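The structure appears below as structure tokens.
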Amino acid sequence: MAGSILKEVTFTPQIFSNDFLQGHNRRIGKLISIMESLAVNGIIVTGSYNWLAQVYQIIKSLDVEDHNDIKLLLVNLEKNQKIVNYPSKKLLIKEEEYIRQIKILDSIRNFDFISGTKNDEIIKTIENIKSQNYINEGAKVQKQTIQFMEKMLEPILSYSEKIQIIDPYFNFIPIFGDKERYLSTMKIICKNLSNHHGIKDNGKIIIHTSVKAISKKEGSGKAILKWEYTNDWIEHINKLEDKFNHKIIVFIWEELKKEDEWHDRYIETNQCCISIGKGMDTSNWTDSTWSIIDPDDASVMIKKFIKNRSKCYTHLATVSSSTGLKIEFENLSKIKSVEIYRSDEEKIQDELRYKENAEKEEQKLLDKQSKVKNLFNSNRAHKKYIYP
């Protein structure tokens with residue numbers, strides 16, 4: 001779907017041939033420029049599994065410098081999963097075969113551009129590709145409606161096997177406001193993940209949220225964390241998994257720092273990482289800013305959410321269809337940003353345990369003092385003083 005922050009494009013293998021590239025003085029330079037842009041903000045969808053091998057064979061006829069430049073770009077694109085295969089077993093050799101296949105895919109969802117060795121209404125040669133179809137124009141700012149989310153997410157997710165949602169306020173059933181705003185997004189994600197221009201595959205959805213999503217302020221003290229806010233999550237996860245065949249798992253975290261500082265929201269997939277200003281919920285009223293994150297910065301950010309290795313967050317609980325709510329952090333009393341909800345009965349039991357423990361500690365102290373006193377008196381009686 002043209003217009004997303006991630007450009008979805010395709011080339012016929014034949015545009016990499018020496019005869020085509022050297023036949024026009026602008027082509028080789030513009031091809032390299034386009035590929036450099038796609039390395040940041042795009043994916044190349046190939047019409048068949050043999051596309052890359054065919055391209056590597058074709059570029060052998062190029063001058064050494066041009067060959068090395070294009071090969072290096074191809075290697076980098078492939079390494080970062082920016083070259084993705086349409087799941088077809090067809091072996092396409094001729095350009096006409098490739099174009100027929102690609103036009104079918106374009107009818108399902110439009111590419112930002114299709115480039116071949118000849119022009120028609122859909123196919124364009126390299127020098128006729130408009131810059132807005134491949135250049136990263138910076139952040140997109142728009143109301144985060146369902147239509148906008150669909151437009152943004154479709155190409156981002158279609159050739160991804162896994163998505164990580166990082167949003168400290170993500171809640172299947174929000175405590176405040178529109179109860180459907182996160183579910184609407186989840187349905188869009190589930191529909192488009194691993195969809196491959198209509199051929200669907202199973203994917204994995206990992207959600208990282210925080211205690212802030214399931215906590216509510218009551219009075220002037222800290223917000224109260226209530227695990228019961230996750231009760232409906234399992235039902236919604238089961239429904240989405242049954243309908244779309246993706247695996248969904250939620251991790252609940254808390255900041256290790258004294259004060260809550262986690263606010264930024266992201267989507268990370270096999271091909272890219274996107275910063276989302278507003279978060280993962282839909283809204284007809286609020287502007288949201290979407291921008292592509294540098295891969296190195298994205299890698300640093302993702303490492304903060306590796307279970308048992310994070311230096312920024314404590315992993316408190318996991319929610320999934322297989323485990324339900326699984327509280328994994330043993331000492332919940334160390335949670336800094338919120339208080340754990342206790343019923344009146346639990347509070348009474350806590351007070352009784354506190355008094356019982358206090359009495360035990362006081363008795364231990366008295367016993368120790370008595371022992372020391374007895375020892376001192378015993379030694380004094382023998383004219384030998386030992387100071388404990």
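Brief remarks follow.
- For the stretch 157-187, the set of residues classified as in a helix (DSSP H, G or I) and either in contact with a His (Cβ under 9 Å, 6 or more places away or on another chain) or closer than 17 Å to Ser288 by Cα (or both) consists of Ser158, Arg181, Tyr182, Leu183, Ser184, Thr185, Met186, listed by residue number.
- Boolean, Pro174 is surrounded by fewer than 19 Cβ atoms within 10 Å (Cβ to Cβ) and at pLDDT below 95: yes
- Within the stretch 219-278, restricting attention to residues that are closer than 14 Å to Gly324 by Cβ and of a type in the set (Val, Ile, Thr), the residue that is surrounded by the fewest Cβ atoms within 10 Å (Cβ to Cβ) is Ile249.
- Within the stretch 310-331, residues that are in the same structural domain as Leu240 (by TED's automatic domain parsing) and without any contact (Cβ under 8 Å) to a residue 60 or more places away in the chain have Cβ atoms under 7 Å from residues that are among the hydrophobic types (A, V, I, L, M, F, W, C) and surrounded by fewer than 18 Cβ atoms within 10 Å (Cβ to Cβ) in these pairs: Cys312/Leu256, counting only partners at least 6 apart in sequence or on another chain.
- Going through (1) in contact with a Ser or Thr (Cβ under 7 Å, 6 or more places away or on another chain); (2) of a type outside the set (Lys, Arg); (3) buried (at least 19 other Cβ atoms within 10 Å of the Cβ); (4) over 27 Å from Lys187 (Cα atoms) one by one, Ser337 falls short only on (1).
- When the stretch 282-319 is filtered for residues that are in contact with a helix residue (DSSP H, G or I) (Cβ under 7 Å, 6 or more places away or on another chain), buried (at least 17 other Cβ atoms within 10 Å of the Cβ) and among the hydroxyl-bearing types (Ser, Thr, Tyr), the ones remaining, listed by number, are Thr282, Ser283, Tyr313.
- Residue in the stretch 19-41 that is farthest from the chain's Cα centre (by Cα), counting only those that are among the β-branched types (Val, Ile, Thr) and within 16 Å of Ser115 (Cα to Cα): Ile28
- Strands (runs of 3 or more DSSP E) (entirely within the stretch 219-310) containing at least 3 residues that are of a type outside the set (Val, Ile, Thr) and out of contact with any Leu (no Cβ under 7 Å at 6 or more places or on another chain): 247-255, 287-292
- Residue identified as among the basic types (Lys, Arg), within 32 Å of the chain's Cα centre (by Cα), closer than 16 Å to Ile32 by Cβ and surrounded by fewer than 20 Cβ atoms within 10 Å (Cβ to Cβ) among Lys103, Lys79, Lys71, Lys130: Lys71
- Gly198 fulfils the conditions (1) assigned by TED's automatic domain parsing to the domain that holds Gly42; (2) at pLDDT below 95; (3) not hydrophobic (A, V, I, L, M, F, W, C) except for a single criterion, (1).
- Filter result for Asp69 (at pLDDT 95 or above, of a type in the set (D, E, K, R) and not assigned by TED's automatic domain parsing to the domain that holds Ser291): yes
- Residue match in the stretch 195-203 (condition: out of contact with any Asp or Glu (no Cβ under 9 Å at 6 or more places or on another chain) and in a helix (DSSP H, G or I)): yes
- Selected residue (criterion: modelled with the lowest pLDDT) from residues of the stretch 311-346 that are part of a strand (DSSP E or B) and touching an Asp or Glu at 6+ places or on another chain (Cβ under 8 Å): Val338
The values are calculated or read from the model by the stated rules, or taken from the named source; none is laboratory data. Every value quoted in this text rests on a predicted model; they were computed, and no experiment measured them. Here the Cβ is made from the backbone with ideal geometry for all residues, glycine too, and neighbour counts use every protein chain on show.
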